[in-house]
Amino acid sequence: MNTPSRRRFRREGEERRRQDLIEATLDSVAEHGLQGASLRAIALRAGVTAGLIRHYFPGKEELLQEAYAALMGRMTEQAKAALVMEDASPRQRLAAFVTANLNVPIIDTRVFSLWATFIGRASADPTLAHVHREGYLGFRNEVEAVVAEVLAAERRSPDASQLRHHAIAINAIIDGLWIEGCLAGEMFSPGELATIGIRTIEAELGLAPLAQLQEK
């Protein structure tokens, strides 16, 4: 009767071990770069043997791919968490989403360094390039869903092409401000990047500034 529980515990334990190895990989890449993050270095950081790593991942390349996917996925999930707001309007949810993307923990020098390291390798590694595209499209789909909700509330019915155009533009706005914040965050006052992002995105969508509407 206890077999199902033991099996579930083992699955949970193995998934936790995989996640620990991914975190150790990200730490190793942050400290040593992609070349220096050897299986031995990752194993030492995780407190396991290199042989155990191969039980979970065929090799270093697969581990790097999983680590990059986890990094991008985490950033998207952190931004999505801001959308969970009770009694918020679509405009407020959009503002919260943009603000989350342009503040800690997403704006972070370590996160940026890791992202830039993987991006540099992706141009010569088709598999990492695929991971990047999947992460990019996953985030852009979230942007598109938020935009569709906002425009529906404005009684506008954009077609798929228009939604795609808006999502691409908004992703670029957020990315550009995110890079600025990661590289030179001390140059901006608290909330400045988020305010610029929200206003620029409102202009992209042809919306009156939310701050002005709230003052009326």
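A compact table of results
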| quantity | calculated |
| --- | --- |
| 3 or more residues closer than 14 Å to GLU202 by Cα and touching a residue at least 40 places away in the same chain (Cβ under 8 Å): qualifying helices (runs of 4 or more DSSP H) within segment 69-172 | 90-101, 126-153 |
| Tally, over segment 187-213, of residues that are at pLDDT 95 or above and either closer than 16 Å to PHE97 by Cβ or part of a helix (DSSP H, G or I) (or both) | 17 |
| All positions within segment 84-118 that are crowded, with 17+ Cβ neighbours inside 10 Å and of a type in the set (A, V, I, L, M) | LEU94, ALA95, ALA96, VAL98, ALA100, LEU102, ILE106, ILE107, VAL111, LEU114 |
| Any hit, segment 162-181, residues being more than 20 Å from GLY73 (Cα to Cα), open to solvent by 80 Å² or more (accessible area, probe 1.4 Å) and small (Gly, Ala, Ser) | no |
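The values are calculated or read from the model by the stated rules, or taken from the named source; none is laboratory data. Everything numeric here is computed off the predicted structure, so don't read it as measured data. Here the Cβ is made from the backbone with ideal geometry for all residues, glycine too, and neighbour counts use every protein chain on show. Ligands, DNA and RNA are excluded from the accessible area calculation, which covers all protein heavy atoms including side chains. Shrake-Rupley method; radii C 1.70, N 1.55, O 1.52, S 1.80 Å.
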